[in-house]
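For reference, the structure is listed below as structure tokens.
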Amino acid sequence: MERAKAWYEAMLGLRPAEEDDDGVAWYDTGGVRFMLYASEFAGTNQATAASLTTADFDGALALLRSRGAAFESYDFGDDFKTIDGVLEMPDGRKAAWVKDSEGNTLAITSE
């Protein structure tokens, strides 16, 4: 948990708003609350664990890259292929995926 909390602070600038006696950390971000907890299954999910949306997608990616984020590459054909870690959707929205310190996949998406 300490490694994960350190990653969320260093990479996303988030600090727990609350922690309970069981080691669960609660984060408040943009009116949304999510929790981080220890699990023997961390990093085993093959899908996106959480998605964060931002109005400044390019700025958010630049900040994360400056902090050492390595964005995932995906190629599922013409309809779903990242270029330099970014998927541009037909409607103009963008998405990128990064793994946290425990191997959980997080998506960063534009509004």
Exercise for review: Working only within the range 59-88, note down all residues that are surrounded by 10 or more Cβ atoms within 10 Å (Cβ to Cβ) and either in a helix (DSSP H, G or I) or among the charged types (D, E, K, R) (or both).
Suggested key: Gly59, Ala60, Leu61, Ala62, Leu63, Leu64, Arg65, Arg67, Glu72, Lys81, Glu88
Point to revise | Long-range neighbours under 6 Å by Cβ, at least six apart or interchain, first residue assigned to a helix (DSSP H, G or I) within the range 7-35, second of a type in the set (Gly, Ala, Ser) | key: Trp7/Ser101
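A short reminder: the numbers here are calculations on the coordinates, not readings from a lab. No experiment lies behind these values; they were computed from the predicted model shown. In this analysis, Cβ positions are derived from the backbone assuming ideal geometry, glycine residues included, and neighbour counts consider all displayed protein chains.
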